[in-house]
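Participant: The structure's right below; bear with me while I get my questions together.
The values are calculated or read from the model by the stated rules, or taken from the named source; none is laboratory data. Nothing here was measured: the structure is a model prediction, and the numbers come from that model. Cβ placement follows ideal geometry from the backbone for every residue including glycine, while neighbour counts extend to all protein chains displayed. Heavy atoms of the whole protein, side chains included, go into the accessibility calculation; ligands, DNA and RNA do not. Shrake-Rupley method; radii C 1.70, N 1.55, O 1.52, S 1.80 Å.
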Amino acid sequence: MTRKMWFALAVMALLGGIASAQDAKSVLQSATKAMGDVKSIQYSGTGHLSQLGQAFTPGGAYPETNVTSYMKTIDYASRSAKEELTRVEQIPPVKGGSRPFAGEDKQVNFVNGQYAWDQPGSAPVPQVALADERQLQIWLTPHGFLKAAMENQAAAKKGTTGTVVSFTSGKFKVTGTIDAQNMVARTETWLPNPVLGDMLVETTFSSYEDYNGVKFPSTIVQKQGGFPTFDLKVTGVKTNPGLSLSVPDAVKTAAIPPVKVVSQKIADGTWFMGGGSHNSVLLEYPTYLVMIEAPLSEARSLAVIEEAKKLAPNKPIKYLINTHAHFDHTGGVRTYIAEGASVITNEINLPFYEKAFGAPRTLAPDMLSKDPKKPTFVPVKEKYALDDGGRSLEIFHIDGDTHNAGLMMVYIPKEKILVEADDFTPDAPGVPAPSGPRPRIFTSNLYKQVQRLKLDPTTIAPLHGVVVPFSDLKKVAGAA
């Protein structure tokens, strides 16, 4: 190809880009005219909220809670938002429900620029990723999308259901579809997730109504990872209500806390790895180590692994036991795979893990994506035993569990220790217990299965909470 041809192609590409930007500007101007140009907006309604990654079956839909009241106020110029909601948990909990609560649960969260915080009285913990996500949610709303697209040199192209407009805000790519009526019908972006990798976030808007010259959808549905996490039936909209948020000084000055791991020896060669909201348990075998659970994130797992190497030096972590597929309990699984560990998990989790762990991770590359290794899984159906050098443990599927279909518990027979996740969470000393009645459906079934299997634990090491005598579980289960 000659230099003239190369030059001609370059000019054509440049002109095509300019034309695309010009087309986007025209499309956005038409949409803004049709939908109404607002400085701020407030919308309210009722609907459902679903917890990401808490599916009853791996790769399935997330369990819903009812949102009895919802209100969100957004000020676009100051890039701030206030979200208020009240949700009611179904009692008894639906299958796959997380720790259930009785009565109403009220939440208020804020974002203002680089700062995100929750309702007054909560600990002011700076969460950069959370601020980024809440900021991004502003630009995923219909009017927010139009404003962000205008500010970020958007491009446009024809799609099957309208004009697709795309732009980049920071590290996030955002696309939206504007339909033939010049309404924003859909927005999409991707967020980093420890389990799903680059996770698709898609929001659809339908049944637009007129509010004093401003068009706003009456139905909003957001999906994350392929399943709904939020749906709202809009019952009220106020335009240009104003929102003045001052960031609390405690939020401005708070430092990001380091990951804390506190190890507690609970038997010879057995340590409870606490210090956070989620725990792990370490067992020492003659030539290797076994870790039970890799919760939350790579950062948490790396800190736990570092502590494990101090407690039992010069031994590799050969096995990771993963109790179930809920995201808060699987966020660090890939870290252990990168360390060379084989993953012992329920066989029903394998198709989901193989698909999820193979997804792209461009937004937040982890150790395994930087140095790929093929995962090694040890599938468990109902029971698996690990006996070596005089040490033994037994893994059992918890039949009849309504929290997760593949939930497993670990019993260490010699030491009479039961390790379980989510079915029983003992309160830490000095921490007030939650108010209201505490449903015990999960705990009662756990106790029933322990009895059925003729296990004889004296100690329970929960993967939430603190180590307590097994008699505490019996009291909650109503068996004492």
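Participant: Specify the angular offset, from 0 to 90 degrees and rounded to the nearest 10, of the alpha carbon long axis of helix 128-139 from the longest principal axis of the alpha carbons in the chain.
Facilitator: Computed tilt is about 40 degrees.
Participant: For the pair Val88/Asp427, report the inter-label distance in nm, with labels modelled 7 Å from Cα in the Cβ direction.
Facilitator: According to this spin-label approximation, the distance is 2.5 nm.
Participant: Using a Förster distance of 22 Å, how high is the FRET efficiency between Thr168 and Gln114, based on the Cβ-Cβ distance and rounded to 0.05?
Facilitator: It comes to 0.75.
Participant: Would you mind computing, in nm to one decimal, how far apart the modelled labels at Lys39 and Phe227 are, each placed 7 Å from Cα along Cα→Cβ?
Facilitator: Label-label distance for Lys39 and Phe227, simple model: 4.3 nm.
Participant: Can you tell me how much longer the chain between Ser206 and Thr253 gets when fully stretched, taken as 0.36 nm per residue apart minus their C-alpha distance, in nm with one decimal?
Facilitator: Numbers: separation 47, 0.36 × 47 = 16.92 nm, distance 4.15 nm.
Value of the extension gain: 12.8 nm.
Participant: Moving on to the next point. Helix-derived [θ] at 222 nm for the chain: sum -39500 (n - 2.57) over DSSP H runs of at least 4, divide by residue count, nearest 500? Write down the numbers at each step before the final one.
Facilitator: On the way: 11 runs with 116 residues, N = 480.
Value at 222 nm, helices only, nearest 500: -7000 deg cm²/dmol.
Participant: Ok, one more. What accessible area per residue comes out for the chain, rounded to a whole number of Å², with a 1.4 Å probe? Let's see the in-between values first.
Facilitator: On the way: 22260 Å² over 480 residues.
Accessible area per residue: 46 Å².
Participant: How much net charge surrounds Val333 when only other residues with a Cβ under 13 Å from its Cβ are counted (Lys, Arg +1; Asp, Glu -1)? Each step should come with its number before you reach the end.
Facilitator: Numbers: positive: Arg300, Arg334, Lys373; negative: Glu293, Glu298, Asp328, Glu339, Glu354, Asp366.
With Lys, Arg at +1 and Asp, Glu at -1, the neighbours total -3.
Participant: Also, quick follow-up: For the chain, with all protein chains present and a 1.4 Å probe, just round the carbon and sulfur fraction of the accessible area to a whole percent. Numbers along the way, then the final one.
Facilitator: Numbers: 12010 of 22260 Å².
Carbon and sulfur atoms account for 54 percent of the accessible area of the chain.
Participant: Let me understand the chain better: what is its radius of gyration from the alpha carbons, and its Dmax, in angstrom?
Facilitator: According to the Cα coordinates of the chain, Rg and Dmax are 25.5, 88 Å.
Participant: So how much slack lies between Thr161 and Thr57, counting 0.36 nm per residue of separation and subtracting their Cα-Cα distance, in nm? Working shown, then result.
Facilitator: On the way: separation 104, 0.36 × 104 = 37.44 nm, distance 3.31 nm.
Net length gain for the segment: 34.1 nm.
Participant: Only Cα pairs under 8 Å and at least 6 apart count here; give the relative contact order of the chain as a rounded whole percent.
Facilitator: Values: 1033 pairs, mean separation 61.7, N = 480.
Answer for the chain is 13 percent.
Participant: To the nearest 0.05, what FRET efficiency results for Met71 and Gln153 with a Förster distance of 45 Å applied to their C-beta separation?
Facilitator: Details: r = 33 Å, r/R0 = 0.73.
The pair Met71/Gln153 has a calculated efficiency of 0.85.
Participant: Figure the gain on full extension for Asn314 and Lys414 (residue separation times 0.36 nm, minus the Cα-Cα span) and round it to one decimal in nm.
Facilitator: Numbers: separation 100, 0.36 × 100 = 36.00 nm, distance 2.47 nm.
So the chain would gain 33.5 nm between Asn314 and Lys414.
Participant: Using a cut-off of 9 Å between beta-carbons, work out the net charge of the residues near Arg186 (Lys and Arg +1, Asp and Glu -1, Arg186 not included).
Facilitator: Net local charge, Arg186 excluded: -3.
Participant: Let me check something: with ligands and nucleic acids excluded, how do Met150, Met35, Met71 order by accessible area (1.4 Å probe), largest to smallest?
Facilitator: Values: Met150 90, Met35 0, Met71 65 Å².
Highest to lowest solvent-accessible surface, that is Met150, Met71, Met35.
Participant: Over the alpha-carbon set of segment 121-238, divide Rg by the Kirkwood Rh and report the Rg/Rh ratio to two decimals.
Facilitator: Numbers: Rg = 15.0 Å, Rh = 15.3 Å.
Rounded to two decimals, Rg/Rh equals 0.98.
Participant: Follow-up. Summing Lys, Arg as +1 and Asp, Glu as -1, what charge do residues with Cβ under 14 Å from the Cβ of Ala156 carry, Ala156 excluded? Before the final figure, lay out the partial values.
Facilitator: Working: positive: Lys25, Lys157, Lys158; negative: Asp23, Asp179.
Charge balance in the 14 Å sphere: +1.
Participant: If I fit a long axis through the Cα atoms of helix 298-311 and take the longest principal axis of the Cα atoms of the chain, what angle between them do I get, 0 to 90°, rounded to 10?
Facilitator: 30 degrees
Participant: Here is a further query. Between 0 and 90 degrees, rounded to the nearest ten: what's the tilt of helix 3-35 against the longest Cα principal axis of the chain?
Facilitator: Around 90 degrees separate the two axes.
Participant: Say R0 is 35 Å: what FRET efficiency, to the nearest 0.05, do Gln264 and Lys374 get from their beta-carbon distance?
Facilitator: Numbers: r = 35 Å, r/R0 = 0.99.
With R0 = 35 Å, the Cβ-Cβ based efficiency is 0.50.
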